[in-house]
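Shown next, in structure tokens, is the structure this report addresses.
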């Protein structure tokens with residue numbers, strides 16, 4: 001009529017504890033492994049997004065390059081490109097001096113938001129065509145003042161383009177950071193963990209190849225994950 005009130009023996013308790021420990025250890029390992037994979041996948045997705053954003057930015061900028069860019073080697077082959085990006089274009093109103101160019105159709109921002117010494121102007125059609133690009137010193141809403149003098153003063157038949165120098169490069173092989181420069185400013189980071197990137201030009205077409213790499217090793221493959229992008233840019237202003 002009565003059930004036994006006898007408890008677990010010490011051996012049974014030890015065996016049960018050992019089994020529970022093994023099960024918990026297995027669950028813990030599964031959790032840690034899943035967490036590592038999740039972190040790796042999350043970081044890999046972030047790197048891919050950063051690389052894609054950097055590529056899209058370079059494509060937009062290079063599409064507006066004026067003339068042929070300069071491709072050079074800084075860290076690896078053909079990893080640096082410098083070019084003049086078109087910022088504005090138009091035709092002169094004709095009321096110019098040896099140090100100015102006026103375009104009454106424009107409403108340029110002036111002061112700190114206006115053109116400064118990182119911008120250049122060149123005449124691309126009409127009177128004064130072929131002169132060396134001249135640095136812009138300042139401007140009003142309709143008039144540019146250059147740093148220097150025109151060799152041939154532009155007139156109402158003169159059309160111009162305003163550009164600014166830009167560069168994409170890696171300055172060091174140790175940090176794997178893709179950087180860019182605007183005018184004479186310092187290199188600004190654009191994307192991290194970029195192990196290789198290269199530029200090439202064929203006529204009006206500029207090709208870009210970019211490879212990003214994770215910091216951590218994939219436990220499934222024993223190697224770091226890489227992500228390679230390639231894009232082709234057709235210049236609008238050549």
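None of the figures in this text is laboratory data; all of them are computed from the coordinates on show. No experiment lies behind these values; they were computed from the predicted model shown. Don't worry about glycine lacking a Cβ; one is built from the backbone with ideal geometry, like all the others, and counts go over all protein chains shown.
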Please give the helix 10-63 orientation as an angle from the longest Cα principal axis of the chain, in degrees from 0 to 90, rounded to the nearest 10. 10 degrees
Considering only the chain, what is the antiparallel percent among its DSSP beta bridges, to the nearest 5? 100 percent
Order of 22, 75 from fewest to most other C-beta atoms within 10 Å? 22, 75
Rg ratio (alpha-carbon, reference 2.2 N^0.38 Å) - the stretch 191-238: 1.55
Candidates 20, 110, 156; GNM for the chain (alpha-carbon contacts under 10 Å) flags as most fluctuating 20
Please list the radius of gyration and Dmax for the stretch 41-234, considering alpha-carbon atoms only, with Å as the unit. 20.5, 71
Rounded to the nearest 0.05, what FRET efficiency do residue 105 and residue 48 give with R0 = 25 Å and r taken as the Cβ-Cβ distance? Could you check? 0.05
Can you compute the modelled spin-label distance between residue 74 and residue 172, with each label point 7 Å from Cα toward Cβ, in nm? 1.3 nm
Under a plain spin-label model, where a point goes 7 Å from the Cα along Cα-to-Cβ, how far apart in nm are residue 21 and residue 98? 9.5 nm
Relative packing of 146-153, 86-93, 219-226, which averages over residues the other C-beta atoms within 10 Å, highest first: 86-93, 146-153, 219-226
From the Cα gyration tensor of the stretch 77-190, with a ≥ b ≥ c the square roots of its eigenvalues, which class applies: rounded if a/c is under 1.5, or else prolate if a/b is larger than b/c, or else oblate? prolate
In deg cm²/dmol, rounded to the nearest 500, the helical mean residue ellipticity at 222 nm of the chain, built from -39500 (n - 2.57) for every DSSP H run of length 4 or more, is -8500 deg cm²/dmol
